[in-house]
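The values are calculated or read from the model by the stated rules, or taken from the named source; none is laboratory data. What you are looking at is a predicted structure, and each value in this text was computed from that prediction instead of being measured. Neighbour counts run over all protein chains shown; Cβ positions are idealised from the backbone, glycine included.
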Amino acid sequence: MPMTFAPPSKDKADWETVTDFTPRFDANGLITTVVTDAADGMLLMVAHMNAEALALTVETGIAHYYSRSRGKLWKKGETSGNLQQVREILTDCDQDAIWLKVSVSGHDATCHTGRRSCFYRSVEQIDGRAHLVFSEDKPRFDPKDVYDT
């Protein structure tokens, strides 16, 4: 039987004190999920979950997400071998965001570009314009060898 979540209380004060996990999904049925490395805290990615993805994540200990671009459930690392083993699941004070602390298997890469993190470029001002500067320029695997593109 699939896991279900109790509906959130209508009383905002309850969101901050209840012990029931009652995630508040947005109008599209999604909840924003921040993912960091459990060992060193590095920000790896930001994604979205629907109720099914969140339930599968809690039940299996492997991160699942909802792909907005593909319109379907997505088991992170299923194709690349870079599965995300969930070490801890946290929620914010009003339960409308999720934070996963994970360990990544395989190449220890989270981004589809082959990099460890999806946040591999920083924004810097150069000559009065914003530019992207690579902070991790070498992928850990070649996406062409992993994905059907």
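How about the range 49-78: which of its residues are in a loop (DSSP other than H, G, I, E, B) and farther than 18 Å from residue 117 by Cβ? Working first, answer last.
If we filter the range 49-78 for residues that are in a loop (DSSP other than H, G, I, E, B), which is where we start, we get 50, 61, 63, 68-71, 76-78.
If the condition is that a residue be in a loop (DSSP other than H, G, I, E, B) and farther than 18 Å from residue 117 by Cβ, then 50, 61, 68, 69, 70, 71, 78 are the ones that fit.
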Within the range 79-92, residues out of contact with any helix residue (DSSP H, G or I) (no Cβ under 7 Å at 6 or more places or on another chain) and not in a strand (DSSP E or B) come out as 81, 82, 83, 92
Restricted to the range 88-139 and to residues being under 13 Å from the mean Cα position of the chain (by Cα) and loosely packed, with under 14 Cβ neighbours inside 10 Å, the residue farthest from residue 23 (Cα to Cα) is 103
Taking residue 59 and the conditions (1) modelled with pLDDT under 95; (2) over 14 Å from the mean Cα position of the chain (by Cα), which numbered condition does it fall short on, given that it satisfies the others?
-> (1)
Here are some conditions: (1) among the β-branched types (Val, Ile, Thr); (2) part of a strand (DSSP E or B); (3) touching a residue at least 60 places away in the same chain (Cβ under 8 Å). Residue 110 meets all but one. Which one does it not meet?
-> (2)
Give the number of residues within the range 26-37 that are surrounded by 18 or more Cβ atoms within 10 Å (Cβ to Cβ) and part of a loop (DSSP other than H, G, I, E, B).
-> 1
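Which one of these is closer than 20 Å to residue 139 by Cβ and of a type in the set (D, E, K, R): 20, 11, 26, 40? Walk me through how you get there before you give the answer.
Details: 20 fails: closer than 20 Å to residue 139 by Cβ; 11 fails: closer than 20 Å to residue 139 by Cβ; 26 fails: closer than 20 Å to residue 139 by Cβ.
Within the list 20, 11, 26, 40, the selection yields 40.
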Among all residue pairs at least 6 apart or on different chains, which show Cβ distances below 7 Å where the first residue, located in the range 57-71, is more than 17 Å from residue 26 (Cβ to Cβ) and the second is of a type in the set (Ser, Thr, Tyr)?
-> 63/57; 64/57
Qualifying residues in the range 62-77 (those that are touching a His at 6+ places or on another chain (Cβ under 7 Å) and either modelled with pLDDT of 95 or more or among the acidic types (Asp, Glu) (or both)) - the one surrounded by the fewest Cβ atoms within 10 Å (Cβ to Cβ) = 73
